[in-house]
Amino acid sequence: MLQQPIESVPVRTTGRVCEVSWFSDLCGEDTEFLSVRDPARSTFAHCRNIALTAERLGFSNLLLPTSYMTGQEVIPFAAGVAPDLQKISLLTAIRCGEMHPPMLARTLASLDQMLEGRLTINIINSDLPGYREDANLRYQRCAETIQILKQAWTQDRIEHDGPIYGKISLATDPVKPYQQNGGPLLYFGGTSDGARDVCARYCDVFLMWPETEELLYGNMKDVAERAARYGRQVDFGLRIHIIVRETEDEARAWSRHIMSKFDPVRGAALKNASQSSWSLGVQRQNELRKGADNDGFVEPLLWTDIGKARSGAGGALVGSADQIVEKINRYIDMGIRAFIFSGYPLMEEAEWFARLVLPRLPNVTLARLQERIPAKPFLTV
């Protein structure tokens with residue numbers, strides 16, 4: 001039995017709609033068996049094929065993650081694959097602090113021009129690779145980065161004065177994006193108060209990792225209330241893995257298959273290789289798994305064993321097509337407007353999802369609903 005309905009939170013994008021995204025693992029974790037790496041799947045050619053497959057199958061957006069691991073770097077990969085894509089958007093993960101913000105604004109504006117407005121940004125607030133940084137420093141750096149990006153994309157000049165980046169005074173002619181009504185949408189995830197406050201003040205979509213419905217709703221209510229105090233509304237998104245088949249038994253059989261070569265020592269090593277393995281979000285995923293039954297489920301359809309071998313999102317929806325559609329619709333009715341799905345392995349699971357579930361969802365592009373993409377390209381003279 002599924003749980004009783006949960007009240008919806010206020011959201012920016014109204015209507016029973018959702019943006020359905022897939023995932024291209026640039027970080028070398030695409031595999032058929034959890035805890036077993038497959039180096040052939042971390043190449044540019046393989047990741048490009050994932051992007052082409054996701055576009056062919058009808059996904060609206062594609063998350064490109066960032067990590068200091070074997071694989072592909074985000075911005076050059078996005079620029080390299082952009083000429084091959086005609087419809088799908090790219091949700092490009094950007095870690096604050098890696099690039100001087102005015103030059104980051106210019107880089108992203110150029111990428112937005114290449115994609116003709118099909119660029120969205122996943123703002124990452126984690127430690128820089130090789131560092132363990134003070135949380136307050138990261139929140140301040142993240143806030144200043146977003147402030148500068150927004151000025152660059154919406155005003156005639158950047159006029160900034162902050163403790164991280166100091167005084168910046170620049171004309172914004174070189175940094176104008178294709179999307180004229182505010183620039184690319186900003187997606188953001190975080191567990192701490194500081195991170196949630198940054199999202200509530202500046203960003204468009206609050207991204208969450210898998211949790212029970214009650215915990216997800218609590219997260220959404222908290223961020224919605226924070227945003228309201230700033231006179232804003234945000235949308236909500238869920239980054240989660242998926243295993244869908246014609247029957248629940250078949251889906252559960254595949255969950256056992258991908259765990260069939262699992263080695264706990266090797267899985268822990270792979271998980272700890274990630275820059276985010278010590279984050280509050282990952283700790284919360286670990287706590288969630290403690291409440292699972294013997295098969296790894298913490299509530300109907302929500303399976304958490306994936307978190308034994310990877311950092312980040314540690315849960316999957318596992319079930320029949322009808323069960324998965326019903327569960328996603330429950331999430332939509334709670335106020336979730338963006339879904340980022342993935343599976344093991346990525347291309348094969350995208351085919352299953354696109355055949356059994358995607359045609360039954362109200363799939364949209366949030367940037368188009370919010371009128372970020374103009375009818376004609378933005379041209380500077």
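Does A109 count as touching a residue at least 24 places away in the same chain (Cβ under 8 Å) and either assigned to a helix (DSSP H, G or I) or over 21 Å from the mean Cα position of the chain (by Cα) (or both)?
Against the criterion (touching a residue at least 24 places away in the same chain (Cβ under 8 Å) and either assigned to a helix (DSSP H, G or I) or over 21 Å from the mean Cα position of the chain (by Cα) (or both)), A109 qualifies.
Of the residues S320, S342, S260, only one is surrounded by 15 or more Cβ atoms within 10 Å (Cβ to Cβ), closer than 30 Å to T70 by Cα and of a type in the set (S, T, N, Q); which?
When all the criteria are applied, what remains is S342.
Would a scan of the stretch 187-197 turn up a residue that is within 18 Å of T92 (Cβ to Cβ) and modelled with pLDDT of 95 or more?
Scanning the stretch 187-197, I find at least one residue that is within 18 Å of T92 (Cβ to Cβ) and modelled with pLDDT of 95 or more, so the answer is yes.
Among the listed residues A152, A171, identify the single one that is small (G, A, S) and surrounded by fewer than 20 Cβ atoms within 10 Å (Cβ to Cβ).
When all the criteria are applied, what remains is A171.
List every residue pair whose Cβ atoms lie under 9 Å apart, where the two residues are 6 or more positions apart in sequence or sit on different chains, the first residue falls within the stretch 222-246 and is closer than 15 Å to F353 by Cα, and the second residue, located anywhere, is in a helix (DSSP H, G or I) and at pLDDT below 95.
As it stands, the answer is H241/I306, since those pairs meet every condition given.
Residues M208, M220: which one is surrounded by 17 or more Cβ atoms within 10 Å (Cβ to Cβ), under 26 Å from Y68 (Cα atoms) and among the hydrophobic types (A, V, I, L, M, F, W, C)?
Every option except M208 fails the conditions.
Please name all residue pairs, on different chains or six or more residues apart, with Cβ atoms under 7 Å, provided the first residue is in the stretch 32-52 and is touching a residue at least 12 places away in the same chain (Cβ under 8 Å) and the second residue is surrounded by 14 or more Cβ atoms within 10 Å (Cβ to Cβ) and of a type in the set (F, W, Y).
Correct list of pairs: E32/Y344; L34/F262; L34/Y344; S35/F262; F44/F77; C47/F77.
Filter the strands (runs of 3 or more DSSP E) completely within the stretch 182-252 down to those with at least 3 residues that are closer than 22 Å to L137 by Cβ.
The qualifying strands (runs of 3 or more DSSP E) are 186-189.
On the given criteria, is E348 part of a helix (DSSP H, G or I) and surrounded by fewer than 18 Cβ atoms within 10 Å (Cβ to Cβ)?
yes
Taking only pairs six or more apart or across chains, which ones have beta-carbon atoms under 7 Å, a first residue in the stretch 123-146 that is part of a helix (DSSP H, G or I), and a second residue that is of a type in the set (S, T, Y) and crowded, with 20+ Cβ neighbours inside 10 Å?
A143/Y202; I146/Y202
Given the criterion within 26 Å of R310 (Cβ to Cβ), modelled with pLDDT of 95 or more, of a type in the set (S, T, Y) and buried (at least 21 other Cβ atoms within 10 Å of the Cβ), identify the matching residue among T53, T66, T120.
T120
Considering each residue of the stretch 62-93, count those that are touching a helix residue (DSSP H, G or I) at 6+ places or on another chain (Cβ under 8 Å) and within 19 Å of F339 (Cα to Cα), and give that number.
10
Looking at (1) surrounded by fewer than 23 Cβ atoms within 10 Å (Cβ to Cβ); (2) in contact with a strand residue (DSSP E or B) (Cβ under 8 Å, 6 or more places away or on another chain); (3) part of a loop (DSSP other than H, G, I, E, B), which is the one condition that is false for F77?
Exception for F77: condition (3).
The values are calculated or read from the model by the stated rules, or taken from the named source; none is laboratory data. Owing to the predicted nature of the structure, the values given are computational and were not obtained by experimental measurement. All Cβ positions, glycine included, derive from the backbone under ideal geometry; neighbour counts span all protein chains shown.
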